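Here's the structure, in structure tokens; my notes come after.
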Amino acid sequence: MNGNPNPNITISIERLILDGLPLTHAQHPLLQAAIEAELARLLAADGLAHDLQSGGAYPRVPGGAIQLSGHDTPAHLGQQIARAVHSSIGGSKR
């Protein structure tokens, strides 16, 4: 990443499809904030995958799976979703 140990990373997720989550419309901003915070934390710690470091736009990035317990909070779901996204874009991606 150009030798900069703390590069600026800008990610824009235009659309995130989350079918079947047990959330109310009022909880959506809480979920969004949790996803953003956890993804930022993970990327700060791990960076981007090498093939994404040059930038560009990608029409689709596959995420991983999350586990629903039936008692999930927006914060917990947001962390799981961020980790699933990070599994496809993070520096430790294989």
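Residue-wise, which Karplus ³J(HN,Hα) couplings in Hz belong to region 11-19, taking 6.51 cos²θ - 1.76 cosθ + 1.60, θ = phi - 60°, and x for glycine or proline?
10, 10, 9, 5, 8, 10, 8, 10, 7
Take region 1-84, compute every pairwise Cα distance, and split them into 10 Å bins from 0; I just need the percent in each bin.
Calculated P(r), rounded to whole percents: 15, 47, 28, 10, 1.
Label points 7 Å out from Cα along the Cβ direction at residue 32 and residue 68: separation in nm?
Placing both labels 7 Å beyond Cα along the Cβ direction yields 2.1 nm.
How big is the C-alpha Rg of region 41-94 next to the rule-of-thumb value 2.2 N^0.38 Å, as a ratio?
On the way: Rg = 12.6 Å, N = 54, 2.2 N^0.38 = 10.0 Å.
That ratio works out to 1.26.
GNM on the chain, C-alpha springs below 10 Å: top fluctuator among 63, 78, 55?
Ranking 63, 78, 55 by mean-square fluctuation puts 55 first.
Relative contact order for the chain: what percent, with Cα pairs under 8 Å and sequence separation of 6 or more?
Details: 84 pairs, mean separation 37.1, N = 94.
Normalised by residue count, the contact order of the chain is 40 percent.
Given the rule -39500 (n - 2.57) for each run of at least 4 DSSP H residues, summed and divided by the residues of the chain, what is its mean residue ellipticity at 222 nm, to the nearest 500 deg cm²/dmol? Display every interim value, and only then the final one.
Values: 2 runs with 35 residues, N = 94.
One gets -12500 deg cm²/dmol as the mean residue ellipticity at 222 nm.
What's the angle, to the nearest 10 degrees (0 to 90), between helix 28-46's Cα axis and the longest principal axis of the chain?
For 28-46 against the chain, the angle is about 30 degrees.
Which far-off residues, 5 or more places away or on another chain, put their amide H under 5 Å from the one on residue 90, with H placed in the peptide plane?
Long-range HN contacts for residue 90: 49.
Laboratory data are not the source of any read-out in this text; all were calculated from the coordinates shown. The shown structure was predicted, so the numbers you read here are calculated from the model rather than taken from an experiment. Because the Cβ atoms are built from the backbone with ideal geometry, glycine has one as well, and the counts that use them run over all protein chains shown.
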